[in-house]
Amino acid sequence: MSLSRTGTHQALLLVGALALAGGLYALPKGIVKPKESKAELTQDAARTATRDGGGMATNGSKTEASSGPRPAETATVGPDEAGGSAAAPHTQASPTQRRELNELLAKYKAGTDAATRRQVSLDLGSHYEAVQRFDSAGYYFAEVAQAKPAEKAWQKAADAYFQAYSFASSETRKKMLGERARELYDNVLTANPDNLDAKTNLGMAYMSSDNPVKGISLLREVLEQDPKNEKVLYNLGVLAIQSNQYDKAAERFAQLVQVNPNNVEGQFYLGVTLARTNRAAAARAAFQKAKSLSTDPALAASVEEELAKLK
């Protein structure tokens, strides 16, 4: 298993510092160091709970309550979305992608047949997803789910909004996108109460709400049903680091690497938490294991930095 590198922000997190991607569990997008802020740690855990990678900012018109849709642009869009003053290459649409999106938007506006409009909405969602404008993708996927309700359709929309939530650049947008993701995941769980992936993401979406305790409760419910759930073990470990409960975090990461010894981030964070609880020898072994599992030079640098701190 190897780390993915999806942009400067992730690289900085890797050096300085949740996701399903085709299978049960995918790796987080960057290594987080304990010196990170609580907000960054929560964001990292949230990334791990999403299906895809992403970048620093989300997209969509601030003036629309749905946080989307938004026409594609060739210019990059920064954290302020409206002004585009900061570069965010992950949101950049190529001329071809912009043309395809604009053609689909025209079809969407002109469409009157319900079946055709539903297909165009699905295509728009997929195209927005391809340029990592996840809230606009969620908007159209939700249109599809509302027209033809089904568990998978609701989850596709929920996952897209959760992606946008995970990378929101302001608390206001984070709360708005998190609320929308929670609404959609509730629809998923109404259709299938045993959808543990949806319940996990719903739990993470509660972490920036007024009721984070409910989020923890949902994650624990998943763990009760599936004690070997890597995604939940990882997220609970990161959340424990956030609250400075390093003993509890070490316990979670130890469980994670017991389930999957080849989990790179699990091994790295196990090393971090063991080091913070004065278990240098065990920490060194975990760091070396993490390094052996990846060819990423940024991870190797992070490991060396941590090893140098051990006495």
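With respect to the conditions (1) in a helix (DSSP H, G or I); (2) surrounded by fewer than 22 Cβ atoms within 10 Å (Cβ to Cβ), residue 244 falls short on a single one, namely (1).
Whenever a residue of segment 280-294 is among the hydroxyl-bearing types (Ser, Thr, Tyr), its partners that are assigned to a helix (DSSP H, G or I) and surrounded by 20 or more Cβ atoms within 10 Å (Cβ to Cβ), lying with C-beta atoms within less than 7 angstrom and at least six residues away or across chains, give the pairs 294/264.
For segment 112-129, check the following and say yes or no: at least one residue is at pLDDT 90 or above, closer than 22 Å to residue 156 by Cβ, touching a Lys or Arg at 6+ places or on another chain (Cβ under 7 Å) and not polar (S, T, N, Q). So far as segment 112-129 goes, yes, one or more of its residues are at pLDDT 90 or above, closer than 22 Å to residue 156 by Cβ, touching a Lys or Arg at 6+ places or on another chain (Cβ under 7 Å) and not polar (S, T, N, Q). The single condition among (1) among the charged types (D, E, K, R); (2) open to solvent by 40 Å² or more (accessible area, probe 1.4 Å); (3) more than 28 Å from residue 106 (Cα to Cα) that residue 174 does not meet is (2). Of all residues in segment 153-167 being aliphatic (A, V, I, L, M) and at pLDDT 95 or above, which is surrounded by the most Cβ atoms within 10 Å (Cβ to Cβ)? Looking at the filtered set, the residue picked out is 160. Scanning segment 218-238 finds no residues that are open to solvent by 40 Å² or more (accessible area, probe 1.4 Å) and of a type in the set (A, V, I, L, M, F, W, C). Scanning segment 168-191 for any residue that is modelled with pLDDT of 95 or more, among the β-branched types (Val, Ile, Thr) and under 14 Å from the mean Cα position of the chain (by Cα) turns up nothing.
Could you say which residue among 196, 223, 219, 233 is at pLDDT 95 or above and more than 21 Å from residue 265 (Cα to Cα)? Criteria check complete, one pass: 196.
For segment 141-152, state whether one or more residues are buried (at least 24 other Cβ atoms within 10 Å of the Cβ), under 15 Å from the mean Cα position of the chain (by Cα) and either modelled with pLDDT of 90 or more or of a type in the set (Asp, Glu) (or both). For segment 141-152, residues buried (at least 24 other Cβ atoms within 10 Å of the Cβ), under 15 Å from the mean Cα position of the chain (by Cα) and either modelled with pLDDT of 90 or more or of a type in the set (Asp, Glu) (or both): absent.
Of the residues contained in segment 116-135, one or more are found to be open to solvent by 70 Å² or more (accessible area, probe 1.4 Å), in contact with a Gly (Cβ under 6 Å, 6 or more places away or on another chain) and not small (Gly, Ala, Ser).
The values are calculated or read from the model by the stated rules, or taken from the named source; none is laboratory data. Keep in mind it's a predicted model, so treat the numbers as computed, not measured. So basically every Cβ, Gly included, is an ideal-geometry build from the backbone, and we count neighbours across all protein chains shown. Surface areas here come from the heavy atoms of the whole protein model, side chains and all, with no ligands, DNA or RNA. Shrake-Rupley method; radii C 1.70, N 1.55, O 1.52, S 1.80 Å.
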